[in-house]
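A short reminder: the numbers here are calculations on the coordinates, not readings from a lab. Owing to the predicted nature of the structure, the values given are computational and were not obtained by experimental measurement. Here Cβ is always computed from backbone atoms with ideal geometry, including for glycine, and neighbour counts include all displayed protein chains.
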Amino acid sequence: AEAVGRYIADTAHMVAEDVMRYQWHTKKRNRVDFDEFGEWYNEGGFETAPWLELLDLKKWVLMDDVEKVESHRQPPAAPVALAPRPGLLSPGDPHYCPPPPPDGAFDDSFLDENTLMPMDSIDEMDFILMQQPSEDKENEGKNDIRLAYSPNRRLTPRGRKPSNSLKFHLVTHDEEGGYVMSVSQKRVRHFREILVESGLAKFDAEEACRIILSKAKKHGRGRTARNTITKNDFDSAMRSIMGAKGRNSMSVNTQRTLSDILAVLFSLFDRKQDGRPEALQIACGFTLLCKGKKSDKLEHAFEVLDLDKDGKLTRSEMANYLESFLCVLLSVATSSHLEEDGTEDSFLVMNGRRMESTPDSILQAAKSASEWAVSQAWKGHQASRRDVEDALSFDDFADWYTRKGFGNIPWLELLDLRKWVFTSNEDR
């Protein structure tokens, strides 16, 4: 019975993903109404879910009626050649690319399915996410079919092991339409080893941010002056953060790998390629590698990037805020210095095309995804208020995220390492 139940769940998720994938590629929407569901079915969905025909009891045939049916059966019609849907990959394809989840669905695929999340790892936003806001329920379209998304629960071709990789999506306004990241458990385990050996996993995120900023210096004059950090000062900050104990506890291979990862991070933030990246962004982004709850990291980074200290961020400041985290996340997810699984690790655009993991492509994805997220945050905030503001407070951002944003940018949950790197008590 358990096997049958799992097969039913897998089949339902496979069909749901095919529906949403078709909807995204044809209409760039992540919701589907009944007419659109019918369109999917007529355009080839009947091949994915032929069992839906059995909802009509007249199409069931009992063995006693076979001869009667055979005598009245019409000659088969010539098969209709259906044009393949361009750019779509089937679930059996090794590079299969799932669609983004709907706006109102909480993507819990970051959490280990066999482990209960410890209470001390749940932050304020998580408690709110556990409850479906009544306001959203009232605003839902009556004809919308909202499909939950779980990339770990889909049919797997015979002979291939089910995928346990971590997957998250980035939606953008650019020509790519968005990106899908897949991070194998092999890569996650290697990343975990580095964080544990170096001591970063137990180092306070706010303190790490403070140490990096203490090494920063003003570069330039007047309005063009920037708070920057050199590579030597950044390396000095890393030595302070890890300390002699952390450095001595690392193996030679771990030291080399971590050094390479940090060098890539530094160059990624060095947008002007003058050896002096913005200290604020690299300090905020670096907190992703340290201990701390998601909400604490978000709030601290918000305060750091609030340059005029008015308690609010402008659009550009908000974009920098989100981009700082994304740059580090994508850099780790695509790092050539971490162990990888050629099948499970991937960086794809929405149509399934593989992207090269170059600094330019990572920056493009991070920048485009951050700009899209900011546009959604502003739209959501303005929809809930009569007055239109040019800046958002942290409470405004948190309110949007807990009402709707968690479905738009689920990757933000990964700021808490306990939700994907350390998913059990043994890891911590």
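Remark: for residue pairs LYS218/LYS272; LYS217/LYS297; LYS217/LYS367, the C-alpha separation exceeds 19 Å in LYS217/LYS297; LYS217/LYS367. The stretch between THR26 and ALA391, if pulled fully straight at 0.36 nm per residue, gains 128.0 nm over its current Cα-Cα span.
Spatial offset of segment 220-277 relative to segment 1-46 amounts to 46 Å, using the alpha carbon center of each.
Over 23 Å between Cα atoms: which of LYS186/LYS291; LYS202/LYS294; LYS167/LYS293; LYS186/LYS231 fall into that group? Listed pairs above 23 Å: LYS186/LYS231. The calculated P(r) of segment 1-59, using every Cα pair and 5 Å bins from 0, goes 4, 17, 24, 23, 16, 10, 5, 1 in percent. Looking at segment 180-267, the trypsin sites (Lys or Arg not before Pro) that sit in a DSSP loop and have at most 16 other Cβ atoms within 10 Å of their own Cβ are ARG221.
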